[in-house]
Amino acid sequence: METQTSGGKMGVGSLALFSLCAVIVVDTLTASASIGVSAIGWWLVTLIVFVIPYGLITSELGTTYPGDGGIYDWVKKAFGYKWAVRTTWFYWINVGLWMPAVYIMFAGMFAELFFPGLSLMWQIAICIALTWLTIWICNVSVDVGVWVTNIGAILKVTVIAVLGFGGFFYAAKHGVANEFTISAMMPSLDTGVAFLPALVFNLMGFELVATMTKEMKDVRDMPKSIFLAAAITAFLYVFGTVGILMALPVQDIGLVAGIVDTLRKLFGTGAFGTMMVYLIGTMALLTFIGNMVTWTMGASRAAAEAANEGELPEAVAKMSEKHDTPVGANNITGILSTVVILAYAIFAQTSDDLFWSVFAFSSCIFLLPYLFMFPSYLKLRISDPETERPFRVPGGLGVQWVLSIICFVVIAQAVILFIFPELIDMTVNWTYSAPVLIGVILTVGIGEYLLKLAVAKKNAEHTEQPNQHPSHSH
């Protein structure tokens, strides 16, 4: 189908699909619908204020500094080795922390669809089994992985399209479940502000495609594929959110069961309806696996590269001799995910609470590297003007400052609201915020400890071979 040039197989189409699979998450669609009708306004604001600058910045960084490390390479070039280690640590470890949230959601939806009375213990068992299935797929081969991600992207688009169209049909027949007026669609701070960070989270990951440069036909395709993916992503999210809101009143939207509830409402309880609910529900479940495969592949690769440089423990660098996949990093991700699932199961009351607290915790960790990425972009523009930029963000340096600061602030507020969702009302619910905050502090602490080990190791190498390692001055 596609001609092979420069060793890579991925053209604009498959790069956009990879990005779509990385970025679109069906599992947090219910969180965006929980904001209510004003979610539509929030989506539009987020797209204009955040996604466009983020896409531009990622395109420039990805085409100017191509390499398997992606975000890690850029931070390293801008701020040196220590910040790069922190970046990789967060980028990689969050996958093992996020996987439990995704599979808790999977188990909850699976139970809702097929075994309504399924005990929490069985749900936990499903989560652990899925974790290891994901790791196995990532360990076996890149081809299988890419295949899974492409199918994942197509399934995601299908599920969201069904929710969107179904919502419109349902509304035409039965009337609209929520009031869609211009004033209701305006972004407001009263309704589901706790879910606003989920919007930002839903749009992150366009830079993941930069870790696939070896697989690309032409690196210059990156901006096209990023903006193609961003446009489709934006449309689908808004469409899917509107569909859910047309069928279900806001107060009835459950975080875990929301999608299944919406499908039941759309298709009814007849034989055909039940079959459709099972079919689309199963597709939604498969997208969760596709998602975790995409992220595990990308993040483990970056981690293995860092470990190779002696920046993360040696175990992380282990590659499969047969498949050339980062088995070390993948397996540690699996172990971590299993531990988190078991730890949270002890504290869990309902799958909604469990999903949201694990999700919020992992999302904070996930967003931290972006707090380094946008300053890195600015720093490289200033300190490295000579490097040729196949794609340049338009505007002078002032514009770049504004774009970087806006992106930085958007990420920072998302991190803060994930930890303290009630901050808008100037209150803090410590039973929710404390575990999330402690988790974040612990993760940062472990990262700092690993950094200390890496620095000690580097210094030891320097003293052994003083001549061979010229120090990089920035």
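Annotations
- Angle in degrees between helix 327-347 and the longest Cα principal axis of the chain, rounded to the nearest 10: 40
- Value of D in µm² per second that Stokes-Einstein yields for segment 21-126, Kirkwood Rh from Cα pairs, at 4 °C (1.567 mPa s): 75
- Surface composition of the chain: carbon plus sulfur atoms hold 68% of the accessible area, using a 1.4 angstrom probe and ignoring ligands, DNA and RNA.
- Pairwise centroid distance, computed over Cα atoms, of segment 146-179 with segment 413-463, Å: 36
- Structural size metrics of segment 226-379, computed from C-alpha coordinates, are Rg and Dmax of 19.9, 60 Å.
- Overall form of segment 68-125 per C-alpha gyration tensor (a/c, 1.5; a/b vs b/c): prolate
- Translational diffusion of segment 348-403, µm² s⁻¹ [Kirkwood Rh, Cα pairs; Stokes-Einstein; 25 °C; 0.890 mPa s]: 172
- Rounded to the nearest whole Hz, the Karplus-based 3J(HN,Hα) values (6.51 cos²θ - 1.76 cosθ + 1.60, θ = phi - 60°) of segment 433-441 follow the sequence 6, 4, x, 5, 5, 4, x, 5, 4, with x at glycine and proline.
- Over the chain: helical MRE at 222 nm, DSSP H runs n ≥ 4 each giving -39500 (n - 2.57), nearest 500: -24000 deg cm²/dmol
- Our note on the geometry: Cα centres of segment 205-246 and segment 9-82, 7 Å apart.
- Computed over segment 90-231, the Cα gyration tensor eigenvalues convert (square root of 5λ each) into semi-axes of 30, 26, 17 Å, ordered from largest to smallest.
- Qualifying GluC sites (Glu not before Pro) in segment 336-424, DSSP loop, other Cβ atoms within 10 Å at most 12: Glu386, Glu388
- Per residue, in Å², the accessible surface of the chain once ligands and nucleic acids are set aside, probe 1.4 Å: 41
- In summary, the lysines within cross-link reach of Lys452, defined as a Cα separation below 29 angstrom excluding same-chain residues under 8 places away, comprise Lys76, Lys77, Lys82, Lys318, Lys379.
- Highest mean packing first, where packing is the average number of other Cβ atoms within 10 Å per residue, the peptides 415-421, 28-34 line up as 28-34, 415-421.
- Once divided by 2.2 N^0.38 Å, the Cα radius of gyration of segment 11-82 becomes 1.42.
- The angle separating the long axis of helix 120-140 from the principal Cα axis of greatest extent in the chain is about 40 degrees.
- Qualifying GluC sites (Glu not before Pro) in segment 256-346, where qualification requires a DSSP coil assignment and no more than 14 other C-beta atoms within 10 Å, comprise Glu321.
- Averaging Cα coordinates gives a centre for segment 322-338 and one for segment 364-402; these two points are 31 Å apart.
- Rounded to whole Å, the principal axis extents of the Cα atoms in segment 211-303 read 50, 25, 24, largest first.
- Computed over the chain, the quotient of the alpha carbon radius of gyration and 2.2 N^0.38 Å is 0.96.
The values are calculated or read from the model by the stated rules, or taken from the named source; none is laboratory data. These numbers were taken from a predicted model, which means no experiment stands behind them. Neighbour counts run over all protein chains shown; Cβ positions are idealised from the backbone, glycine included. For accessibility, only protein heavy atoms count, side chains too; no ligands or nucleic acids. Shrake-Rupley method; radii C 1.70, N 1.55, O 1.52, S 1.80 Å.
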